[in-house]
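Values in this text are rule-based calculations from the coordinates and carry no lab data. Predicted model only: the values in this text are computed from it and were never measured. Here the Cβ is made from the backbone with ideal geometry for all residues, glycine too, and neighbour counts use every protein chain on show.
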Amino acid sequence: MNKTDNFNLNLSLSVKVVILILLIICILNGSKISDFIYSLNTEGFSEFEGMRTYISVQIILSILSILDALLIAVDYYKISKTS
């Protein structure tokens, strides 16, 4: 591989790591998300709908984190293979 391809792989890996960090921050700040969701209770949402929404958001963020980690592993494998 030439230097441009290696740079593109490094850039892609860096972007994916930043996305993973942001997803993990969102997952760990679930209390802030739940406060926002439960504030919607005053606007007509039931508590069950709020809990269901919170769980759905956490599951989606977790799945995205896992997929992003797998993409990072693939990029790391490509970089280590070229070195």
Among L71, L40, L9, flag the residue with its Cα farthest along the positive direction of the charge dipole of the chain, charges on Cβ as +1 for Lys/Arg and -1 for Asp/Glu. L9
Two-site label geometry, T82 and S31: point separation in nm, points 7 Å out along Cα→Cβ: 4.3
Evaluate the relative contact order of the chain (contact order divided by residue number), counting alpha-carbon pairs under 8 angstrom at least 6 apart; express in whole percent. 49
Using Cα positions and a limit of under 17 Å, work out the aspartates and glutamates in reach of K81, with same-chain residues fewer than 8 apart set aside. D5
What dipole magnitude, in Debye to the nearest 20, does the chain give about its Cα centre under +1 on Lys/Arg Cβ and -1 on Asp/Glu Cβ? 480
